[in-house]
Amino acid sequence: MRYFFIITLSGYCSTVFAQSLELMVGHEQIFADAQWLKFWDNKNHWSVFSRTRATVDYDNQTNLFTGAYLNYTFKNGLGSSLVGKIGNNSGGADIGIHIFKSKKNWMLFGLASIGLKNELEYSWFSIFRLTPRINGQWKFYSSLELFNLFGKENHLLSVQRIRLGLDYQQFQFGIAGNFTEIGEDWMGSSNIGGFIRKSF
């Protein structure tokens, strides 16, 4: 477990201005995630979205990912993105088209992109959050994150992360599920548990 905390600490140090920190404890893995979004102009056209996430299973096998998304968004919510990413065994860059919508009780970010590498890869990444108010202090909290990666001829990887729970004064908690499918045969695995999240 010490390796997990070292990796997680380094990830959080790289996101000092994090807008959310999440810890999920599941039956197969522990998952940690830090995210932030920063606008660089007063019209909210230029933005950077960054995330660092780490997982460790109960045999101390770890995985670390950091990604940064440079976005230009038009008034209608559509725009372009340049993505830099690095993981345990690989890194790279993508370019794509995104949609970003944010209202009081919901938020959507979706990105269709192509990998800038010799072999064609294309992907879809999205986060949707719904947070309707229950009363003055409590909200319902739900989040769905999707990632799909395809090569020139076949499926490489898909991930779904689901969160359902409550929000109390910017603390979110509830049940969580992370699901992964790999390869042409979509071989699946799951991690079910609980999560606690703090938004700033």
Item to check | Pairs where the first residue, in region 134-152, is among the β-branched types (Val, Ile, Thr) and the second is surrounded by 14 or more Cβ atoms within 10 Å (Cβ to Cβ), C-beta under 7 Å, 6+ apart | outcome: Ile134/Phe140
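Limited to region 102-140, what total is found for residues that are among the acidic types (Asp, Glu) and either out of contact with any Leu (no Cβ under 7 Å at 6 or more places or on another chain) or assigned to a strand (DSSP E or B) (or both)? It would help to see each step written out before you state the result.
Filtering region 102-140 for residues among the acidic types (Asp, Glu) gives 119, 121.
Add one more test, that the residue is either out of contact with any Leu (no Cβ under 7 Å at 6 or more places or on another chain) or assigned to a strand (DSSP E or B) (or both), and what stays is 119.
The number of residues fulfilling the criteria is 1.
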Next on the checklist: Just the residues that are in contact (Cβ under 8 Å) with a residue 24 or more places away in the chain and either in contact with an Asp or Glu (Cβ under 6 Å, 6 or more places away or on another chain) or not in a loop (DSSP other than H, G, I, E, B) (or both), please, taken from region 33-50.
Outcome noted: Trp46, Ser47, Phe49, Ser50
Next on the checklist: Being more than 15 Å from the chain's Cα centre (by Cα) and not hydrophobic (A, V, I, L, M, F, W, C) is the requirement here; does Ser81 meet it?
Outcome noted: yes
Checklist entry - Wholly within region 151-200, which strands (runs of 3 or more DSSP E) include no fewer than the required count, namely at least 2 residues that are surrounded by 16 or more Cβ atoms within 10 Å (Cβ to Cβ), β-branched (Val, Ile, Thr) and in contact with a helix residue (DSSP H, G or I) (Cβ under 6 Å, 6 or more places away or on another chain)? => result none
Checklist entry - Among the residues of region 1-16, which ones are open to solvent by 50 Å² or more (accessible area, probe 1.4 Å) and either modelled with pLDDT of 60 or more or farther than 24 Å from Ile192 by Cβ (or both)? => result Arg2, Ile6, Leu9, Ser10, Tyr12, Cys13, Ser14, Val16
Checklist outcome for this item: All conditions in (1) surrounded by 16 or more Cβ atoms within 10 Å (Cβ to Cβ); (2) closer than 21 Å to Gly67 by Cα; (3) at pLDDT 95 or above are true of Tyr141 except (2)
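Collect the residues in region 17-66 that are basic (Lys, Arg), closer than 22 Å to Lys103 by Cβ and surrounded by 14 or more Cβ atoms within 10 Å (Cβ to Cβ), keeping them in residue-number order.
Going through region 17-66, the residues basic (Lys, Arg) turn out to be 38, 43, 51, 53.
Of the ones still in play, those that are also closer than 22 Å to Lys103 by Cβ are 38, 43, 51.
Within region 17-66, Arg51 is the sole residue that qualifies.
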Checklist outcome for this item: Among (1) closer than 24 Å to Leu111 by Cα; (2) within 18 Å of the chain's Cα centre (by Cα); (3) not hydrophobic (A, V, I, L, M, F, W, C), Glu153 falls short only on (2)
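Condition check: of a type in the set (A, V, I, L, M), over 26 Å from Arg163 (Cα atoms), surrounded by 15 or more Cβ atoms within 10 Å (Cβ to Cβ) and at pLDDT 95 or above. Does Leu82 satisfy that?
yes
The values are calculated or read from the model by the stated rules, or taken from the named source; none is laboratory data. Please read all numbers here as calculations on a predicted model, not as lab measurements. We place every Cβ from the backbone using ideal geometry, glycine too, and count neighbours over all the protein chains shown. Each accessible area value is taken on the protein alone, full model and side chains, heavy atoms only, with ligands, DNA and RNA left out. Shrake-Rupley method; radii C 1.70, N 1.55, O 1.52, S 1.80 Å.
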